[in-house]
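Down below is the structure, laid out as C-alpha cells.
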Amino acid sequence: MDAGHLAHAVDRLGVTARVLFVAAHPDDENTRLLGYLANARHLTVAYLSMTRGGGGQNLIGREQAELLDVIRTEELLSARRVDGAQQRFTNMRDFGYSKSAAETLATWGHDEALADVVRVVRTFQPDVIVARFDENPPNHGHHTASAILAREAFAAAADPKQFPEQLGQGIRPWQATRLVRNVSTFRNEPIPEGALSLDVGIYDTRLGLSYGELAALSRSRHQSQGFGVAGERGSMVERFVTLAGPAAKEDILDGVPMGWARFGATGGTVDREIEIARSQLQRDEPERALPGLLAVAQALDALPDAPRVRDARTAVGGILAAAAGLFVRATSPSAVVVPGQKVELSVEIVLRRPATVKLSSLDFPDGTSLSPDPALVVNEKKVLKRELPVPADAAISVPYWLAVPPSAGRFNVKDDQWAGEPRGPASLRVTATFGSSGRTFGVEVPVQYVSTDPVRGERLRETLIAPPATVTPAREAAMSVSGKPAPVVLRVRAGRDDVKGVVTLPVPAGWRVDPASIPVSLAKSGEETTARFAVTPPAGAVAAELRPAVEVDGKVWSYSEHVVDYPHIPVQTVLRQAQVRVAPLNAQIPKGLVGYVEGSGDTVADDLTHLGVQVEMLDDAALGGVNLSRFRAIVIGIRAYNTREALRSQHDRLMRYAEAGGTVVVQYNTQSRLGPLEGRIGPYPLELGRDRVTDENAAMTVLALGHELLTKPHRIGPSDFKGWVQERGLYFASTWDAKYTPILSAADADEKQLAGGLLFARYGKGRYVYTGLSFFRQLPAGNAGAYRLFLNLLGSTP
C-alpha cells in the first residue's frame, strides 16, 4: 500500500460499521457512494450483485455467457480495488433482459435467490442495507427483483426459522439496523419527501482525488459494457429514503456503533490500541506503527469469534506487512501444474523498510513448512525454493460456480463454503509467517506465473491445477448440413511435458463418428495440436451434447480451456467441463462471396464460414476501397454503426452497392440516452428504439405471407423458431418509412406486438434488411432454424 491507502486501512480498522449495497448486475453499483463510505467514512462496505452479468453484450470481444461472467467478475473486482469496497455475489444467473420481477424470480427461483441474499447478510453482518432500485415497474426485472429481495432479506436474515440450514459454522441470524434506498438519478424520479441528503463529492487528500474522480476510475473498469466515464468534481448529493428500521434523520448510519465498544470492555481496549497505532503511523516511516499494530492484533485475539473480528485479524496482518514494506511473491515456472507432477516453487521475500522482522516459517500447499527463522535485512531479496509434489487426486481448478453446469436461472453451486464470494481460494497458495516483538502475523499469497509482454510489461496469472491435456472445441456447436458430417475440431493442449494420449468423441447410439479415436503426442507443456472428427447424425436425429475426452496414462479427462486476456483485468485461464453441441441442419448453402463488417464482437462470420459460406472480412480500408460488386451480400455485425466510424462514413457507398443489386443485412445496433445512435443505417428513414422480446419462446407471427425472406431458399415455419436461447431479439426498429416491409412480429406476455425485429426494403435493384433478432446468440448455439432464416436474408440467387 502507498501511504494514503495505508492510512485509510488503519482508519478502517477502527470502524466496525458495515454497509451492504444491493443491486442486480455489474455496473449497477453507485461507485461514488461506495468510494465515499469506504474511504471518507472508513466503513467496511460491500456490493452484492445478484448476477455476474453474463447475459449482457460484450463490447470488447466475443465472449458470451459464462466467459462473459468471468470477465465481468474480474471487472467488478478491479473496480473494488479502486474504490476500496468489497464484492459479493449470489448464485443467480443473468439470463438476459427481463421485463418483470415476477419473471425474474420465477426463473431464478424466489426461495433460492432469497436464501442467497440472506446468507450474504448473515455472513457479512451489515448495519445498513442499501437497495439501489425501487420495486416499481417499469424497470429491468432483475433490478426490481433485487429491491424485493433486499427488503425480504432484511427481515428473513434475523429470523432463525428462515433458512435454518444456514445456521452453524459461524453463521448466525443477523438483524441490520435499517434498510434504505439510494434514490436514483438515472430514472429522473422526483426527490421523495423527507429524503435524507448526503454530499459525497468531497476531496480525498490521501488519494489526491475527489470521490467523483475515484468513482469514474472505478466505473471505467466496466470496459466490456463500454462504461468509461469522466471524473467529476464538486458537490455530489446522494439521497436516501428509509424502507425498514428506524428512520435515518441525520445520516444513514444514525444509531449505529462505529467502534469496537460494541463488543464490550474488551472491544474498548481494541479501540484504544488502534488510536495508539494511528498516532504512530507516519507517512515516510510507516514501520513506526508496528508496535501499535501488534498490540491491536493481540487485543483482537481476546474478542469472541465473529465476522468483524475474523476480518479484522486478517486485515491487521496485511497492514503489518504493508507498514513493514514486506514484499512476498510465490511463483511457479508454468501457468498450470498437473496432478501427480512435481513443481518447483520460488518464494521471493523483501523487507523494504527498516523494521525488526523475522521470517518464522513458510507453509506450502502440501502441508509442509520451512522454518528458516532468519532476520530480514532491509532491501535484501531472499529467494527460497521448494519442490512441491501435486497430489495425484488434486482437484482441477474449475471456478467453484462453474464446477457443475448451470441451469437457466442459477449457477448450481453444490458446496456453500464459498457462496457469495467472487472466487474460491487459489488452488496453490503459500503462507509466510513473520515475527516481530514476540508476536507473529501471516501473509498468504497465491502461487502465480509471471511473464513479460513486450507491450504490456509484467503479466501475472494464478497458477492452476490442470489435467495433463485439455480438449477444447473450436466451436460451441457444429452443424451437420443436409446429412453431411458435422466437422468437430478440438484444440488439444498439453498441461505438462511428454503427453501421449488418445482423443475420443463419444456419440449417441445410431450416430457415426470418424475416426473413432485420434492419438496425440505433445512434447512440451503448452504445446497444442488439433484433432478433427466428422460426426454424422442419423436421419431424424435431434441435436446432441457431446463430451470430448482425452485418455492419458490410463485416465480419461474431459476439460476445456479458455484464456481470457484483456489489459484491464488479470489474465484468466478458465477450465471447465468440455462440451460441444452437434445439430442437424437442413439448408442450402448460397454460392458467391459474402462480405462481413465486424462490430463490437460476434461470431456470425465464423458461423457462416463453418457452414461453407465464403466470407471475407471488411476492415475500414476495405469498406472504402474494395470493389463491393464482388459480394452477393454484405452483412453488418452487431453494434457496428455504434462502434465503427468508418462504417458510418461509408454508409452511402453501401447503399449504392445495394441500389446496384447487392444485399445489405444490418444486425442490431444500440440506441440509448447515454449513447444515441447518430446518422443513418438504412436507405430510407429508420429509427431504432429499445424495444425487445425477451421470451425466447414467444410466438412469431408472420406479417408478410409468402415473402422471399421466409420462402427463399428455405420455407420458414414454426419449427424454425423452436429452441432459441435467451431472447427473440433486441433493439427493434421503433419507426420506419413505408418503403420497409415488416416480416414478423412477436411480443412478451401481456405486451403489444412488436414488428420492428425484421424489416425488408427494395432499394434500386437490390435489397436491404434490418434485423434485431438475436442471431449473434442463436448461431453459435447451433440453432438450426435461426441458421435457415439467416441464410434467407443473404438472398436466394448468386
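The values are calculated or read from the model by the stated rules, or taken from the named source; none is laboratory data. Not measured: the values here are computed from a predicted model. All Cβ positions, glycine included, derive from the backbone under ideal geometry; neighbour counts span all protein chains shown. The area values use the complete protein model at the heavy-atom level, side chains included, leaving out ligands, DNA and RNA. Shrake-Rupley method; radii C 1.70, N 1.55, O 1.52, S 1.80 Å.
ALA157 meets each of the listed conditions (1) surrounded by fewer than 24 Cβ atoms within 10 Å (Cβ to Cβ); (2) free of Cβ contacts under 8 Å to residues at least 60 places away in the same chain; (3) over 22 Å from the mean Cα position of the chain (by Cα) apart from (1). Tell me, yes or no, whether the range 740-758 has at least one residue that is acidic (Asp, Glu) and farther than 30 Å from GLU103 by Cβ. No: zero hits. If you go through the range 538-592 and keep only what is of a type in the set (Asp, Glu), open to solvent by 30 Å² or more (accessible area, probe 1.4 Å) and within 22 Å of VAL70 (Cα to Cα), you end up with just ASP565. Test ARG52 against the criterion of being part of a loop (DSSP other than H, G, I, E, B), touching a Phe, Trp or Tyr at 6+ places or on another chain (Cβ under 8 Å) and of a type in the set (D, E, K, R), and give yes or no. Yes, satisfied.
The residues in the range 144-154 that are closer than 13 Å to ASP116 by Cβ and open to solvent by 10 Å² or more (accessible area, probe 1.4 Å) can be counted, and the count is 1. Please go through the range 604-648 and give me each residue that is within 19 Å of VAL769 (Cα to Cα), at pLDDT below 95 and of a type in the set (S, T, N, Q), ordered by number. Within the range 604-648, ASN642 is the sole residue that qualifies.
Contact map, the range 648-677: first residue more than 24 Å from GLY226 (Cα to Cα), second residue among the charged types (D, E, K, R) and not in a helix (DSSP H, G or I), Cβ cut-off under 6 Å, separation 6 or more or different chains; pairs are GLY661/LYS765; THR663/ARG767. In the condition set (1) touching a helix residue (DSSP H, G or I) at 6+ places or on another chain (Cβ under 7 Å); (2) assigned to a strand (DSSP E or B), LYS500 is compliant with all but (1). Can you name the residue in the range 503-525 that is aliphatic (A, V, I, L, M) and either in a loop (DSSP other than H, G, I, E, B) or open to solvent by 40 Å² or more (accessible area, probe 1.4 Å) (or both) and, of all such residues, is farthest from PRO405 (Cα to Cα)? By that ranking, first place goes to ALA523. Picking from residues in the range 599-623 that are open to solvent by 30 Å² or more (accessible area, probe 1.4 Å) and in contact with a helix residue (DSSP H, G or I) (Cβ under 7 Å, 6 or more places away or on another chain), the one that is farthest from ARG680 (Cα to Cα) is VAL615. If you go through the range 526-537 and pick out every residue that is in a loop (DSSP other than H, G, I, E, B) and either open to solvent by 50 Å² or more (accessible area, probe 1.4 Å) or among the aliphatic types (A, V, I, L, M) (or both), you end up with 1.
Can you confirm whether the range 171-191 contains a residue that is hydroxyl-bearing (Ser, Thr, Tyr), at negative phi and without any contact (Cβ under 8 Å) to a residue 12 or more places away in the chain? Yes, the range 171-191 contains a residue that is hydroxyl-bearing (Ser, Thr, Tyr), at negative phi and without any contact (Cβ under 8 Å) to a residue 12 or more places away in the chain. Taken together, the residues in the range 611-623 that are farther than 24 Å from GLN588 by Cα and assigned to a helix (DSSP H, G or I) amount to 4.
If the condition is being of a type in the set (D, E, K, R), in contact (Cβ under 8 Å) with a residue 40 or more places away in the chain and open to solvent by 50 Å² or more (accessible area, probe 1.4 Å), then the range 706-738 contributes LYS712, LYS722.
Output yes when any residue across the range 241-259 is touching a residue at least 12 places away in the same chain (Cβ under 8 Å), in contact with a strand residue (DSSP E or B) (Cβ under 7 Å, 6 or more places away or on another chain) and open to solvent by 70 Å² or more (accessible area, probe 1.4 Å), and no when none is. Yes, because at least one residue in the range 241-259 is touching a residue at least 12 places away in the same chain (Cβ under 8 Å), in contact with a strand residue (DSSP E or B) (Cβ under 7 Å, 6 or more places away or on another chain) and open to solvent by 70 Å² or more (accessible area, probe 1.4 Å).
Just one of the numbered conditions (1) without any contact (Cβ under 8 Å) to a residue 24 or more places away in the chain; (2) assigned to a helix (DSSP H, G or I); (3) over 29 Å from PRO570 (Cα atoms) is not true of ARG313: (3). Is it true that THR73 is surrounded by fewer than 24 Cβ atoms within 10 Å (Cβ to Cβ), in contact (Cβ under 8 Å) with a residue 60 or more places away in the chain, farther than 22 Å from GLU598 by Cα and among the hydroxyl-bearing types (Ser, Thr, Tyr)? Answer is yes for this residue. Once the range 37-46 is narrowed to residues that are within 21 Å of ASP116 (Cβ to Cβ) and more than 18 Å from the chain's Cα centre (by Cα), the residue that is most open to solvent (accessible area, probe 1.4 Å) is THR44. One residue is enough: does the range 739-753 have a residue meeting the conditions in contact with a Lys or Arg (Cβ under 8 Å, 6 or more places away or on another chain), farther than 28 Å from ALA583 by Cβ and either open to solvent by 10 Å² or more (accessible area, probe 1.4 Å) or assigned to a strand (DSSP E or B) (or both)? There is at least one residue in the range 739-753 that is in contact with a Lys or Arg (Cβ under 8 Å, 6 or more places away or on another chain), farther than 28 Å from ALA583 by Cβ and either open to solvent by 10 Å² or more (accessible area, probe 1.4 Å) or assigned to a strand (DSSP E or B) (or both). The number of residues in the range 12-36 that are open to solvent by 20 Å² or more (accessible area, probe 1.4 Å), under 23 Å from ARG310 (Cβ atoms) and part of a helix (DSSP H, G or I) comes to 1. Restricting attention to the range 206-231 and to residues that are assigned to a loop (DSSP other than H, G, I, E, B) and free of Cβ contacts under 8 Å to residues at least 60 places away in the same chain, the residue that is nearest to PHE21 (Cα to Cα) turns out to be SER220.
Within the range 121-143, restricting attention to residues that are open to solvent by less than 10 Å² (accessible area, probe 1.4 Å), under 25 Å from THR107 (Cα atoms) and not hydrophobic (A, V, I, L, M, F, W, C), which residue is farthest from the chain's Cα centre (by Cα)? So the residue we want is ARG122. For beta carbons closer than 6 Å, sequence separation of 6+ or different chains, a first residue in the range 50-64 that is more than 16 Å from GLU727 (Cβ to Cβ) and a second that is modelled with pLDDT under 90, the qualifying pairs are LEU59/SER224; LEU59/GLY226; LEU59/SER600; ILE60/GLN223; ILE60/SER224; GLY61/GLY601; ARG62/GLY601.
Residue-level check: of (1) open to solvent by 60 Å² or more (accessible area, probe 1.4 Å); (2) touching a residue at least 40 places away in the same chain (Cβ under 8 Å); (3) assigned to a loop (DSSP other than H, G, I, E, B), ARG278 misses just (3).
Report whether or not PRO467 is farther than 26 Å from PRO389 by Cβ and of a type outside the set (Val, Ile, Thr). When the stated conditions are applied, PRO467 does not pass them. For beta carbons closer than 8 Å, sequence separation of 6+ or different chains, a first residue in the range 534-553 that is in contact (Cβ under 8 Å) with a residue 60 or more places away in the chain and a second that is in a loop (DSSP other than H, G, I, E, B) and aliphatic (A, V, I, L, M), the qualifying pairs are PRO548/LEU505; PRO548/ALA578; ALA549/LEU505; ALA549/ALA578.
So is VAL82 β-branched (Val, Ile, Thr) and crowded, with 24+ Cβ neighbours inside 10 Å or not? No, not satisfied.
Test THR107 against the criterion of being in contact with a strand residue (DSSP E or B) (Cβ under 8 Å, 6 or more places away or on another chain) and either surrounded by fewer than 23 Cβ atoms within 10 Å (Cβ to Cβ) or not in a helix (DSSP H, G or I) (or both), and give yes or no. When the stated conditions are applied, THR107 does not pass them.
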